[in-house]
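For reference, the structure discussed in these notes is given below.
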Amino acid sequence: MATPYRMVFTDLRSDTVLDALPVQGVSLDDYIGKTGSMRGTVPIPNREIAERARRALLPGRTGVWVERGREIWWGGILWTLALASDQRGFLTAQVQCGGWESYLYRRELRDTFTAVQVDQFDIARQLVDYVQNTPGGDIGITYDADAVSGVLRDRTFLRYDLPTIGDLLDQLAAVEDGFEWRIASYRDADGRRVKRMQLGHPVIRAGTAEIVLDHPGRILSYTWPTDATKKANAWQSRGASVNTNQAEDSYPLMSTELVDNDNIAAGWPRLDGSSDYTTVEDPATLDAHARADWTAALNPVTIPEVEVLLGGNVTPALIGATVRLRIRDLWHPTTLDARYRVVGLSITPPERGRPETARLYLEVP
């Protein structure tokens with residue numbers, strides 16, 4: 001069955017269109033807090049298409065925009081190309097791509113970076129500017145320069161640690177009273193393709209109209225996990241080594257130990273957890289990381305998944321939006337009726353006898 005997708009291949013740095021080729025078996029996903037991916041197969045039925053594909057499919061320097069109809073549904077970078085020939089000699093080019101965020105994990109901080117009482121959004125934007133102000137580093141990521149979180153940070157990132165910019169953004173976002181970030185792909189009002197960094201404090205939110213999903217009904221299936229393997233009510237984090245005397249034993253900086261005595265008094269066994277921040281040298285910053293990790297681990301986030309038919313108002317624009325779920329079945333004899341934020345979306349292409357569907361990943365409030 002043919003899918004309504006096509007790939008537009010561009011030069012990663014200039015966004016100049018190289019070609020637009022049909023693609024089969026598209027599978028794509030996008031998330032908040034995780035780099036999205038796209039997989040698909042470009043059929044190569046003749047010499048002309050082969051020549052066009054050779055020019056356009058350049059792993060590491062080709063940008064990929066996935067269009068569904070007239071809308072952009074995904075954008076990222078071609079990282080892997082696998083040319084395949086079957087026994088009859090029919091050629092296909094199998095492509096695997098990572099979202100625009102994947103580029104930031106391929107760029108390292110090669111200069112020491114210092115910020116004193118700077119809004120955390122500004123630090124994030126300065127890190128992206130660092131990437132794009134180096135020769136060959138500008139891939140056209142834009143952002144809202146006026147948005148602020150109201151949270152000021154002191155940060156020093158040392159060039160000797162060679163951290164990736166993506167890891168630094170994740171670390172900055174994961175601290176207490178942090179934020180969320182992602183790079184969205186869409187077409188603006190003038191029809192131009194846009195790679196825009198979204199920043200949200202404390203979370204990214206999108207959309208205004210409420211979407212109602214019912215089971216039985218539009219929800220085809222769902223998975224509702226409950227996982228205590230990551231729960232911890234006692235926490236401590238390790239930082240960088242604080243010993244500058246090489247003649248003495250070296251020990252890492254340790255955060256204040258955090259224990260939720262009320263949780264233990266309520267009947268839970270003590271469950272220990274820890275985290276490492278080997279580049280953090282400031283005790284206050286390490287304590288802020290520890291409190292954020294401890295808070296998250298006390299009641300681990302449940303990420304329900306619901307599978308729905310694709311189309312209508314179910315598109316990648318739902319990421320960050322709120323949906324209302326109504327589920328009634330044996331487990332929920334009294335109808336579950338609650339609102340959840342969409343934090344991820346994965347699209348499964350149609351197969352013989354199976355429609356095109358989307359799996360929504362939801363954040364329980």
(request) Give the distance, in whole Å, between the Cα centre of the range 223-276 and the Cα centre of the range 76-141. (result) 32
(message) Using +1 at the C-beta of Lys and Arg and -1 at the C-beta of Asp and Glu, which of 121, 37, 202 has the Cα lying farthest in the positive direction of the dipole of the chain?
(response) 37
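May I ask for the percentage of alpha-carbon pairs in the range 83-148 that lie more than 16 Å from each other? Don't jump to the answer; show the numbers that get you there.
On the way: 1317 of 2145 pairs.
Value for the range 83-148: 61 percent of Cα pairs lie more than 16 Å apart.
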(request) For the range 196-308, take the alpha-carbon Rg, divide it by the Kirkwood Rh, and send me Rg/Rh. (result) 1.14
(request) Please get the size of the charge dipole for the range 104-200, origin at its Cα centre, with Cβ charges of +1 on Lys and Arg and -1 on Asp and Glu, quoted in debye to the nearest 20. (result) 480
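Quick check: net charge around residue 234, other residues with Cβ under 10 Å of its Cβ, Lys/Arg +1 and Asp/Glu -1?
Numbers: positive: 270; negative: 257, 260, 272.
Here the count lands on -2.
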(message) What is the distance in Å between the Cα centroid of the range 286-342 and that of the range 345-361?
(response) 19
(request) Might you report the magnitude of the Cβ-based charge dipole of the chain about its Cα centre, with Lys and Arg at +1 and Asp and Glu at -1, to the nearest 20 debye? (result) 1720
(message) Taking just the alpha-carbon atoms of the range 104-200, what radius of gyration and Dmax come out, in angstrom?
(response) 13.6, 43
(message) Using each residue's phi in the range 58-64, evaluate 6.51 cos²θ - 1.76 cosθ + 1.60 at θ = phi - 60° and report the 3J(HN,Hα) Karplus result to the nearest Hz, with x for Gly and Pro.
(response) 10, x, x, 9, 10, x, 10
(request) Describe numerically, in nm with one decimal, the distance between label points set 7 Å from Cα along Cα→Cβ at residue 162 and at residue 105. (result) 1.8
(request) Could I get the Rg over Rh figure for the range 58-110? Both from C-alpha atoms, Rh via Kirkwood, rounded to two places. (result) 1.12
(request) Calculate the spin-label point distance for residue 224 paired with residue 20, positioning each point 7 Å from the Cα along the beta-carbon direction, and give it in nanometres. (result) 4.4
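Taking N as the number of residues in the chain, what value does Rg over Cα atoms divided by 2.2 N^0.38 Å take?
Values: Rg = 23.2 Å, N = 365, 2.2 N^0.38 = 20.7 Å.
This ratio for the chain stands at 1.12.
Order of 336-342, 220-226 by packing, highest average Cβ count within 10 Å first? If you can, show how the numbers build up before the last one.
Details: 336-342: 16.9, 220-226: 12.3.
Going by the mean number of other Cβ atoms within 10 Å, highest first, we get 336-342, 220-226.
Taking R0 as 22 Å, what's the FRET efficiency between residue 142 and residue 11 from their Cβ-Cβ distance, rounded to 0.05? Can you show the working numbers first?
Details: r = 17 Å, r/R0 = 0.79.
For residue 142 and residue 11, the calculated efficiency is 0.80.
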(request) Along each of the three principal axes of the Cα atoms of the range 145-224, give the extent in whole Å, ordering the values from largest to smallest. (result) 55, 40, 26
(request) Could you pull out every residue, at least 5 positions away or on a different chain, whose amide H is within less than 5 Å of the one on residue 68? Hs are placed 1.01 Å off N in the peptide plane, and Pro or chain starts have none. (result) 73
(message) With a 10 Å cut-off between alpha carbons and a GNM built on the chain, which of 76, 137, 217 moves the most?
(response) 217
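When only C-alpha pairs under 8 Å and at least 6 residues apart count, what is the relative contact order of the chain, in percent?
On the way: 787 pairs, mean separation 55.2, N = 365.
RCO, the chain: 15 percent.
How much FRET efficiency would the formula 1/(1 + (r/R0)^6) give for residue 126 and residue 254, where r is the Cβ-Cβ distance and R0 is 30 Å, rounded to 0.05?
Numbers: r = 30 Å, r/R0 = 0.99.
In this case the efficiency is close to 0.50.
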(message) Using each residue's phi in the range 73-81, evaluate 6.51 cos²θ - 1.76 cosθ + 1.60 at θ = phi - 60° and report the 3J(HN,Hα) Karplus result to the nearest Hz, with x for Gly and Pro.
(response) 10, 6, x, x, 10, 6, 10, 9, 10
(message) Among 60-66, 129-135, how do they line up by average Cβ neighbours within 10 Å per residue, starting with the highest?
(response) 60-66, 129-135
(message) Please compute the modelled spin-label separation between residue 118 and residue 46, points set 7 Å along Cα→Cβ, answer in nm with one decimal.
(response) 5.5
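Provide the gained length on full extension for the span residue 264 to residue 206, in nm with one decimal, where the gain is 0.36 nm per separating residue minus the Cα-Cα distance. Working shown, then result.
Numbers: separation 58, 0.36 × 58 = 20.88 nm, distance 3.75 nm.
Gain on extension, residue 264 to residue 206, equals 17.1 nm.
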(message) Which one, 112, 241, 349, projects farthest toward the positive side of the charge dipole computed for the chain from Cβ point charges (K/R +1, D/E -1)?
(response) 349
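For residue 301 and residue 87, what does the FRET efficiency come to when R0 = 51 Å and r is the distance between their Cβ atoms, rounded to the nearest 0.05? Kindly include the intermediate steps, with their values, before the conclusion.
Working: r = 47 Å, r/R0 = 0.93.
The calculated FRET efficiency here is 0.60.
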(request) May I ask for the percentage of alpha-carbon pairs in the range 234-298 that lie more than 19 Å from each other? (result) 38
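Just so you know, all these numbers are worked out from the coordinates, no wet-lab data involved. Owing to the predicted nature of the structure, the values given are computational and were not obtained by experimental measurement. We place every Cβ from the backbone using ideal geometry, glycine too, and count neighbours over all the protein chains shown.
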